[in-house]
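The values are calculated or read from the model by the stated rules, or taken from the named source; none is laboratory data. Just so it is clear, the structure is predicted and the values come from calculations on it, not from any experiment. Cβ coordinates were reconstructed from backbone atoms using ideal geometry, including for glycine residues, and neighbour counts include every protein chain displayed. We work out accessible area using only protein heavy atoms, side chains counted, and drop any ligands, DNA or RNA first. Shrake-Rupley method; radii C 1.70, N 1.55, O 1.52, S 1.80 Å.
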Amino acid sequence: MEGPELVIFDMAGTTVEDLGQVPDAFTASLAEHGVHVTREQLNGVRGASKRQAVLHFIPAGPEQARRAEAAYTSFRTHLSRRFQSEGVRPVPGAVLAFRSLRERGVRVALNTGFDRETTGQLIGALGWAEGIVDAIVCGDDVAEGRPAPYLIFRAMEATSASSVHRVANVGDTILDLRAGYNAGVRWNVGVLTGAHHRQLLESVPHTHLLPSVAELPGLWAAA
């Protein structure tokens with residue numbers, strides 16, 4: 001079987017350890033603006049554009065856009081503080097997976113629901129600024145986040161990958177997998193290191209479920 005020409009990885013929970021910073025920042029920022037959400041409610045938007053996720057929880061009305069923007073600004077502040085105080089670490093084996101794929105001539109991209117500034121903070125903290133991946137696509141690079149397929153299509157455009165039949169999508173949430181399905185990628189891979197457990201990931205279209213991205217290059221060992 002011919003292997004992929006491009007593998008697209010989600011970040012938080014997939015290639016970056018999920019220590020609970022994102023849901024904690026969501027909970028705190030929304031509470032500051034009079035909106036209280038449960039972990040179960042937050043779980044339903046894991047993997048989505050963070051800006052769209054905040055808007056989802058702000059009640060409709062003439063002040064919705066303003067309140068959502070204010071809450072989103074609070075979210076970014078809380079998240080930045082958590083990253084600075086707790087640090088960020090790659091999922092074990094993630095960098096080796098990137099290197100293994102790129103050594104075989106496979107292009108590697110990251111995509112994320114974070115905005116460009118937040119993503120830049122993460123990339124800097126991880127030391128991934130240069131030579132680690134071929135492209136990084138953020139939530140504010142596209143008109144609509146997951147489960148729409150546009151993050152994947154933008155990553156394909158950025159890496160000159162022309163066929164979804166040679167693309168793999170990798171993520172830890174059901175929205176990651178739904179985006180891969182909507183994009184029509186050949187490999188749509190869930191990993192168990194992040195927000196959603198195996199039973200939940202099994203409920204949406206996928207081709208593989210793996211313990212972590214460390215196992216990913218083995219899918220194409222004989223390709």
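Overview of values
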{"quantity": "Subset tally (residues that are more than 20 Å from Arg178 (Cβ to Cβ), open to solvent by 20 Å² or more (accessible area, probe 1.4 Å) and of a type in the set (S, T, N, Q)) for the stretch 11-54", "calculated": "2"}
{"quantity": "Some residue of the stretch 167-174 being in a loop (DSSP other than H, G, I, E, B), free of Cβ contacts under 8 Å to residues at least 40 places away in the same chain and not hydrophobic (A, V, I, L, M, F, W, C)", "calculated": "no"}
{"quantity": "Every residue from the stretch 157-193 that is among the acidic types (Asp, Glu) and either closer than 16 Å to Glu5 by Cβ or in contact with a Phe, Trp or Tyr (Cβ under 7 Å, 6 or more places away or on another chain) (or both)", "calculated": "Glu157"}
{"quantity": "Qualifying residue in the stretch 38-48 (condition: touching a helix residue (DSSP H, G or I) at 6+ places or on another chain (Cβ under 7 Å), over 24 Å from Ala125 (Cβ atoms), small (Gly, Ala, Ser) and not in a helix (DSSP H, G or I))", "calculated": "no"}
{"quantity": "Residues of the stretch 125-166 satisfying the condition of being small (Gly, Ala, Ser), buried (at least 18 other Cβ atoms within 10 Å of the Cβ) and part of a loop (DSSP other than H, G, I, E, B)", "calculated": "Gly145, Ala148, Ala161"}
{"quantity": "Residues within the stretch 175-202 that are modelled with pLDDT of 95 or more, surrounded by fewer than 24 Cβ atoms within 10 Å (Cβ to Cβ), over 15 Å from the mean Cα position of the chain (by Cα) and assigned to a loop (DSSP other than H, G, I, E, B), tallied", "calculated": "2"}
{"quantity": "Evaluation of Gly113 against (1) assigned to a helix (DSSP H, G or I); (2) open to solvent by less than 30 Å² (accessible area, probe 1.4 Å) (one fails), failing number", "calculated": "(1)"}
{"quantity": "Unmet criterion (only one of (1) under 24 Å from Ala155 (Cβ atoms); (2) open to solvent by less than 20 Å² (accessible area, probe 1.4 Å)) for Pro90", "calculated": "(2)"}
{"quantity": "Scan of the stretch 85-97 for residues that are touching a residue at least 40 places away in the same chain (Cβ under 8 Å), under 18 Å from the mean Cα position of the chain (by Cα) and in a helix (DSSP H, G or I), ordered by number", "calculated": "Ala94, Ala97"}
{"quantity": "Residue that is farthest from Gly194 (Cα to Cα) [pool: residues in the stretch 132-174 that are modelled with pLDDT under 95 and polar (S, T, N, Q)]", "calculated": "Ser162"}
{"quantity": "Any hit, the stretch 5-18, residues being aromatic (Phe, Trp, Tyr), touching a residue at least 24 places away in the same chain (Cβ under 8 Å) and under 21 Å from His208 (Cα atoms)", "calculated": "yes"}
{"quantity": "Positions within the stretch 61-80 being assigned to a loop (DSSP other than H, G, I, E, B) and within 20 Å of Gly145 (Cα to Cα), in sequence order", "calculated": "none"}
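Residues checked against (1) in contact with an Asp or Glu (Cβ under 6 Å, 6 or more places away or on another chain); (2) modelled with pLDDT of 90 or more; (3) closer than 30 Å to Ala221 by Cβ:
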position	(1), (2), (3)
Met1	no, no, yes
Val7	no, yes, yes
Glu17	no, yes, yes
Val22	no, no, no
Leu42	no, no, no
Val45	no, no, no
Ala48	no, no, no
